Each structure stands twice: as C-alpha cells, then as structure tokens.
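Q: Here it is: the structure, laid out below.
The values are calculated or read from the model by the stated rules, or taken from the named source; none is laboratory data. This is a predicted model, so every value here is computed, not measured. A quick note on method: Cβ atoms are made from the backbone with ideal geometry, for glycine too, and the neighbour counts reach across all protein chains shown. Quick note on the areas: whole protein, heavy atoms, side chains included, nothing else; ligands and nucleic acids left out. Shrake-Rupley method; radii C 1.70, N 1.55, O 1.52, S 1.80 Å.
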Amino acid sequence: MKSKILKYIVLFIVLLTIVGGIYYLKLPNRHKAIVKTKLYHGLGIVDERWNIQSSDSSISLITPTLVIDNIYKSMEGPKVIRSFQLDDTKNELVWITSFVTKALSTNEVDQLSNDYVCHTNIDLFEGEHYSRWQLDHRIGKQYPRLTSMSNGIESYQFPKGFGFPVFTNENLLLSTQSLNHNIKGDPFDIKHEVNLGFKPHSKQMKPLMSKTVFVMLPYDSENPFQGPTDNNPNMCLPIETKNHSYKNDKGESLSGHWVIFSGKDTYSYDITQQLQLKDSTTMHHIATHLHPFAETLALRDKTADSTLFISKAENYVDKIGLKSVSYFSSTEGIMLYADHNYELVLQTNNTTKIDQDMMASMFVFLYDKEMHDKLKTYQP
C-alpha cells in the first residue's frame with residue numbers, strides 16, 4: 001500500500017514538473033525573468049537581502065542580487081519591489097529633492113555600466129500620503145507615481161527651492177528593473193543602488209506635483225497583432241495586450257508599449273486628459289523615459305502651436321542602448337494653462353532590420369499651489 005502511494009506521489013510530481021515546464025517555456029521573456037528571480041531568491045541561490053542605509057539627508061537602498069542570464073530588452077529584465085520609509089524612527093516632514101540609481105557589482109562597491117539599469121520607479125501610497133493633508137479628493141485620480149529614473153537619465157535633482165514633501169515614516173514603493181541589450185554568454189550578477197536625497201522642512205520650499213504623461217496608440221482589439229493595415233494605417237502593433245493597454249472614452253483600445261518598424265517614424269498623442277489641469281500653473285521639471293531608437297520626445301502646447309520642451313535621446317552607435325536623454329529643470333518654470341490642449345510628439349529611427357519596442361513617457365513636475373496652502377498652516 002505504501003509503495004503504491006509513493007508511486008502515485010512520484011508520478012504526480014513528474015506530471016507537475018512536465019506541465020510546469022511546458023507552461024514556463026510558453027511564457028514571454030519578462031515573465032520568465034519574474035519566475036527565475038523568485039526562485040533564485042526563495043531558494044537562497046543568490047543574495048535576497050536588501051541593504052538599506054539612511055541618514056539625515058539621504059537614504060540608500062541596495063537591492064538583492066539580480067541574475068542576468070539572457071538578453072533583456074526594456075521592460076523585460078529581472079526586477080525587485082519593496083516598500084520603504086525614509087526613517088521609520090521619526091515622524092518628520094522633509095522634502096525629497098534628488099534621485100540617483102546605478103548598477104553595482106555584488107560587492108556593493110564597484111559601479112557597473114548603467115546599461116544594466118532599465119528603470120527605477122518610486123510610487124506613493126496615495127491613501128496614506130494625501131489623507132495626511134486632507135486631500136482625499138486626489139486619491140485614485142491618476143497613477144500614484146512620484147517619479148522614474150531610466151536608461152539615459154539615471155540621476156537628477158529638482159531646481160533649487162523646489163521639492164516633494166513627505167513624512168519620514170511615510171511608506172513609499174520602490175520598483176527597479178535590470179536591462180541587458182547586448183551581453184550574451186555566461187550569466188552574471190548585478191545589484192542596483194537607489195538613493196533619494198532630502199532636506200528638512202522649510203517654509204521657503206515650494207511643493208511639486210508629479211503628472212505622468214505618455215504616448216498611447218490605437219490598436220484593433222479584435223486582431224491586436226495584425227498591426228497597421230491599409231484601411232487602418234494609424235493602428236499600432238502592441239507588444240502585448242495585458243500590460244500597458246488602456247481604453248479611451250470611446251472604448252477604443254490603446255497601447256503604451258508598441259512595435260516600431262525599420263526606419264524613421266513620428267508618433268503623437270494628446271495628453272490634455274492625462275495632465276488633468278484644473279488651474280493654470282508653472283512646470284519646473286521633466287524626467288523622460290524612452291527606449292532605444294527614440295530620437296526626440298517633444299511636449300507641445302497645441303492651442304498656442306508652440307513647443308515647450310524637446311527631450312533629446314543620444315543612442316549608442318556600436319551597440320543598442322541610450323547613452324543619454326536630456327531633461328528639463330527650471331526655477332522660473334513654464335506656464336501650463338488649464339484651457340489649453342497639450343500633446344507629446346515622438347520621433348524614432350529604428351536603424352536595425354528587425355522590429356523593436358518603444359515607450360515614450362514624461363514625468364512632469366508642476367508647482368502645487370493647493371499643497372502649498374496646506375503647508376503654510378502646517379505645525380510640526
């Protein structure tokens with residue numbers, strides 16, 4: 001009897017392994033990376049610990065080990081996610097003013113190429129953040145992203161006198177993902193170090209509000225991977241339909257992650273609804289997220305028929321990747337008007353003979369008068 005039970009258990013394990021293996025092989029590259037990373041960390045094959053060090057002016061978060069065992073294009077590589085606080089021993093208001101992310105060796109000292117940095121996202125817990133300021137009407141109105149650093153813009157700081165106010169024991173969410181466009185061969189290990197700089201509260205500081213705007217293109221939800229046709233030349237070919245897929249007010253399907261074909265192309269998208277400007281205000285900082293083969297991403301005032309800022313991407317010549325991406329930062333700022341319409345215009349040049357993927361986003365930081373009014377009455 002025991003031998004039969006053991007036999008059935010072994011058979012079940014074998015069948016489970018076969019089914020699991022078939023399922024795994026059918027997964028796209030990004031999902032395979034998620035499975036492998038969880039196994040590496042869960043089984044203790046590589047270092048799964050976070051190294052977090054904080055001071056009165058900054059916090060450094062060094063990730064667990066990320067195993068690079070394949071070509072990982074943008075949005076595909078191994079990643080880790082965790083919540084954190086600037087200092088959970090205090091309940092003090094501070095101003096976040098700078099962001100840095102970089103790739104490290106596993107000794108957590110030697111810096112590696114930033115070609116291994118895909119993007120690093122910092123998100124808010126909206127309910128916790130806005131309820132402290134009695135701004136509950138903001139909760140759920142837009143994606144709660146504070147900012148993102150990505151390949152080409154791995155560090156920046158806000159213009160002098162501006163910052164983002166948070167409490168030291170307030171929860172934030174960090175997600176950082178690796179990248180590898182070029183290196184093939186034996187697997188190797190890396191880590192990411194993410195650093196946020198902050199200052200003590202000062203009534204002279206002005207608060208910024210983050211708005212995420214990005215290009216979205218229509219696709220045929222009935223035949224999503226058919227791509228553009230003669231009848232529908234404006235349709236895009238989405239990378240997938242589960243992630244970065246949206247519906248507009250007309251119920252049409254839109255993708256924020258799509259295929260670009262060989263050669264040059266131009267894409268545009270109206271971002272007025274994404275900005276959600278209730279009042280006119282000044283824009284003081286822009287961080288741009290682009291993928292390789294992007295050349296420029298322009299923020300335009302359609303109503304005034306003027307270009308407010310052009311982010312320029314410098315691509316490597318001898319390999320795939322972004323060498324640098326320019327960003328906007330200004331104490332004086334640029335006016336954005338509540339009754340104007342705005343758009344993003346992307347120019348790409350796929351210099352290869354194969355299809356490539358593309359995303360184009362801007363993290364726009366606006367002067368936040370409503371928050372400033374709250375801060376004027378704040379008493380520590």
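Q: Show me the chymotrypsin sites (Phe, Trp or Tyr not before Pro) within the range 283-380 that DSSP assigns to loop and that have at most 15 other Cβ atoms within 10 Å of their Cβ.
A: TYR316, TYR337, TYR378
Q: Mind pulling up the Rg/Rh value for the range 58-120? Radius of gyration and Kirkwood radius, both on Cα.
A: When Rh is taken as the Kirkwood radius, the ratio is 1.01.
Q: If amide H atoms are built 1.01 Å from N in the plane of the peptide, which residues on other chains or at least 5 residues away come under 5 Å of the amide H of LEU146?
A: Long-range HN contacts for LEU146: ILE122, ASP123, LEU124.
Q: Report the extension gain between LYS250 and VAL46 in nm, rounded to one decimal, defined as 0.36 nm multiplied by the number of residues separating them, less their alpha carbon distance.
A: Computed gain between LYS250 and VAL46 is 68.6 nm.
Q: Next question, about the same structure. Dipole magnitude of the chain about its Cα centre, charges +1 at Lys/Arg Cβ and -1 at Asp/Glu Cβ only, in debye to the nearest 20?
A: 940
Q: So if we plug the beta-carbon distance of ASP88 and SER326 into 1/(1 + (r/R0)^6) with R0 = 51 Å, what FRET efficiency do we get, rounded to 0.05?
A: The value I calculate is 0.90.
Q: List the residue ranges in the chain for DSSP H helices whose C-alpha atoms run 15 angstrom or more along the long axis and whose Kyte-Doolittle average is 0.5 or above. Numbers along the way, then the final one.
A: Values: long enough: 2-26 (36 Å, 1.40); 29-42 (19 Å, -1.01).
TM-like helix candidates: 2-26.
Q: Also: Please list, by residue number, every one of the trypsin sites (Lys or Arg not before Pro) in the range 316-380 that is coil in DSSP and has at most 11 other beta-carbon atoms within 10 Å.
A: When the trypsin sites (Lys or Arg not before Pro) of the range 316-380 are filtered for loop state and at most 11 Cβ neighbours within 10 Å, LYS353 remain.
Q: Among MET205, THR176, SER150, which residue has its Cα positioned farthest towards the positive end of the charge dipole of the chain, with +1 placed on the Cβ of Lys and Arg, -1 on the Cβ of Asp and Glu, and the dipole taken about the Cα centre?
A: Farthest along the dipole direction, towards plus: THR176.
Q: So if we plug the beta-carbon distance of PHE188 and LEU39 into 1/(1 + (r/R0)^6) with R0 = 22 Å, what FRET efficiency do we get, rounded to 0.05?
A: Working: r = 18 Å, r/R0 = 0.80.
Computed FRET efficiency for PHE188 and LEU39 comes out at 0.80.
Q: Which lysines have a Cα lying under 23 Å from the Cα of LYS374, excluding residues fewer than 8 positions away in the same chain?
A: Straight-distance partners of LYS374: LYS90, LYS141, LYS160, LYS199, LYS203, LYS206, LYS211, LYS278.
Q: Same structure, new question: So if I average 1/r over every pair of distinct C-alpha atoms in the chain and take the inverse, what Kirkwood radius in Å does that give?
A: Hydrodynamic radius (Kirkwood, Cα only) of the chain equals 22.6 Å.
Q: Taking the Cα-to-Cβ direction at ASP279 and at ASP318 and moving 7 Å from each Cα, how far apart do the two end points lie in nm?
A: Spacing of the two 7 Å Cα→Cβ label points: 5.4 nm.
Q: Over the Cα atoms of the range 24-177, Rg to Rh with Kirkwood Rh, two decimal places?
A: That ratio equals 0.99.
Q: How big is the dipole moment of the range 90-207 about its Cα centre under a simple scheme where the beta carbon of each Lys and Arg is +1, that of each Asp and Glu is -1, and everything else is neutral? Debye, nearest 20, please. If you can, show how the numbers build up before the last one.
A: On the way: 12 positive and 13 negative charges, 133 e Å.
Dipole magnitude for the range 90-207 comes out near 640 debye.
Q: Can you compute the FRET efficiency between LEU112 and LYS376 using 1/(1 + (r/R0)^6), with r the Cβ-Cβ distance and R0 = 35 Å? Round to the nearest 0.05. Present the calculation step by step, with values, prior to reporting the outcome.
A: On the way: r = 45 Å, r/R0 = 1.28.
According to the calculation, E is roughly 0.20.
Q: HN-Hα J couplings of the range 172-186 from phi, Karplus 6.51/-1.76/1.60, θ = phi - 60°, integer Hz, Gly and Pro as x?
A: Whole-Hz 3J(HN,Hα) from phi for the range 172-186: 10, 10, 10, 9, 10, 10, 8, 9, 7, 7, 10, 8, 10, x, 5.
Q: Using amide H atoms built 1.01 Å from N in the peptide plane, name the residues 5+ places from LEU104, or on other chains, whose amide H lies under 5 Å from its own.
A: Those qualifying (amide H under 5 Å, at least 5 residues apart or on another chain) are LEU112, LYS191, HIS192, GLU193.
Q: While we're on this one: Of all the accessible heavy-atom surface of the chain, with the other protein chains kept in place and a 1.4 Å probe, what percent is carbon and sulfur?
A: Working: 10000 of 19180 Å².
C and S atoms contribute 52 percent here.
Q: If I model a spin label at THR307 and SER105 as a point 7 Å from the Cα along the Cα→Cβ vector, what separation in nanometres do I get?
A: Using points 7 Å along Cα→Cβ, the separation is 4.3 nm.
Q: Still on this model: On each of the three principal axes of the Cα atoms of the range 246-380, give max minus min coordinate, whole Å, ordered largest first.
A: Its Cα atoms span 59, 37, 32 Å along the three principal axes.
Q: Hey, can you grab everything whose amide H is under 5 Å from the amide H of LEU308? Only 5+ residues off in sequence or another chain; H modelled, so Pro and N-termini drop out.
A: LEU299, ARG300, ASP301
Q: Hey, can you find the accessible area per residue of the range 105-187 for me, probe 1.4 Å, expressed in square angstrom?
A: That works out to 40 Å² for each residue.
Q: So, one more: Quick check: the distance between the Cα centres of the range 325-380 and the range 174-240, to the nearest angstrom?
A: What the calculation gives is 14 Å, centre to centre.
Q: A follow-up question, please. Per-residue HN-Hα couplings for the range 191-196, Karplus 6.51 cos²θ - 1.76 cosθ + 1.60 at θ = phi - 60°, whole Hz, x for Gly and Pro?
A: Taking θ as phi minus 60°, the curve returns 9, 10, 10, 10, 10, 10 Hz for the range 191-196.
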